[in-house]
1. Can you tell me the order of 40-51, 365-376 when each peptide is scored by its average per-residue count of other Cβ atoms within 10 angstrom, highest first?
2. Between Lys266, Lys25, Lys127, where does the largest GNM mean-square fluctuation fall for the chain, given springs only between Cα atoms within less than 10 Å?
3. Give me the angle, in degrees from 0 to 90, between the Cα long axis of helix 143-158 and the longest principal axis of the Cα atoms of the chain, rounded to the nearest 10.
4. Take every DSSP beta bridge with both residues inside the chain and express the antiparallel ones as a percent of the total, to the nearest 5.
5. When ligands, DNA and RNA are left out and all protein chains stay put, how many square angstrom of accessible area per residue does the range 138-288 have with a 1.4 Å probe?
6. How tilted is helix 111-127 with respect to the longest principal axis of the chain? Cα atoms for both, answer in degrees (0 to 90, nearest 10).
7. Ignoring ligands, DNA and RNA, please state the percent of accessible area on the chain from carbon and sulfur, probe 1.4 Å.
8. What distance in nm separates the simple spin-label points at Gln270 and Phe402, each placed 7 Å from Cα in the Cβ direction?
Amino acid sequence: MNLEIRNVKIATATGISPVTDYVLKYITGNIKISDGKIISISNESSESENVFEGDGMLAIPGFVDPHTHIPFVGDRAKEFLMRAKGAKYSEILKAGGGIHSTVDSVRKASFDDLVTHGLKYARWFLKSGVTAIECKSGYGLDFENEIKQLEAIKRISENIPQKVVSTFLGAHAVPSAGEKAYLTELKHMLDVVKEKDLAKFVDIFCDEGAFSVEGSVKYMNYAKSKGFKIRVHADELSSNGFAGIASDLGATSVDHLAMCSKAEIKKMAQNKTMAVLLPLTSFYLKNAFAPARAMIDEGVPVALGSDFNPGSNTFYSPFLNIHVAVNHLNMTPKEAFVAHTLNAACVIGLEEEIGTVEIGKRADILILDAPDIEYIPYMPTNELVRAVFINGVEVFENRDSFPRQN
Ligand code: NIG
Ligand code: FE
């Protein structure tokens, strides 16, 4: 199928490598698409059967969310209110709330329930311009329920237009059996996950109240030996040095990093490890924001994700995420934009396919009612999304009629 997106102002990074110099291109013209791929960008227009009239609006690559905790069921609204009144994340965790309460809900949920909730959230993401999503297990914490989650991710991905990349986060919290016994169990789970090809990445939550540094290192080495790429949750609540260690272990990304030290930033810069920052979680938990400025100035490639989950953050909009990144992490609008497009695509290994609007890439494109990139953090509403294309197919259109911004 052919399509021409006519008369748009394209804003995009370029290439297939993580950007650390934050150069953006603006091009005005027509985007021609064939078989889901961009085949030309020019001022010439042709006799295409299908034309989308862009009317001078902004065209950008679809947002990529490289860190979510979909699928889950249930809610933790009470916990949110406890926190609003002053309770801490670690206190809630110790009181039997936190991750374990979602584990209870997920264990009780049927496979179909997990899938239908996942589909609902994926639809919310689509309407806010997210065209590729990473999903994780981690609310099962036993063989049956971790596999159930990974199978649910697979089923969800077969029923949504977005691309989905799957991560095994069996090591999300320590169940009552204790760390040592559970890590042994996890290794057996890894064998099955590999056999069934259910995940691209293996992740661990190494922090106060979660897994120890020693246990995490052993487990990550085992995951690597099984041929998995590794990613980690580190420096979210406390700094224990694991971010630097994971970087040295060759982690594809180190995520969270709110409490990241200067020494770890240096290490990540040397190793060119992607930092996945999740400022909506800091915002939601009223915790410290990651030192994004120091990271970028040191040359660490930075990506942004939502961390959407039922406990520590229920925001998912890339628009809001970019607003918080600019307003609270002192990132520039360009840095935040690249962090949620090309750099995020690099995290999940899809940089050759998506992340920029360029010839040869998949036509995952958003049409925004915005004059430029700077407008996104200023007016961070999902209503800016006028149309979403995935693989050159229009999968969402905002048909409300508003006066245009430019
Ligand atoms: O990324 N850090 C660990 N995991 C999540 C929290 C998940 C939850 O509370 O359910 C996070 O913040
Ligand atoms: Fe997370």
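1. Numbers: 40-51: 12.2, 365-376: 21.4.
Ranked from most to least packed, the peptides come out as 365-376, 40-51.
2. Sorting by GNM fluctuation, first place goes to Lys25.
3. 0
4. Numbers: 28 of 63 bridges.
Rounded to the nearest five, the antiparallel share is 45 percent.
5. Working: 5650 Å² over 151 residues.
The answer is 37 Å² per residue.
6. Helix 111-127 sits roughly 40 degrees off the main axis of the chain.
7. On the way: 7910 of 15720 Å².
Carbon-and-sulfur percentage of accessible area, whole number: 50.
8. About 4.8 nm, to one decimal.
The values are calculated or read from the model by the stated rules, or taken from the named source; none is laboratory data. Computed from a predicted structure; not experimentally measured. Please note: Cβ atoms are built from the backbone with ideal geometry, for glycine as well, and neighbour counts cover all protein chains shown. Please note that ligands, DNA and RNA were not included when accessible areas were found on the heavy atoms of the full protein model with its side chains. Shrake-Rupley method; radii C 1.70, N 1.55, O 1.52, S 1.80 Å.
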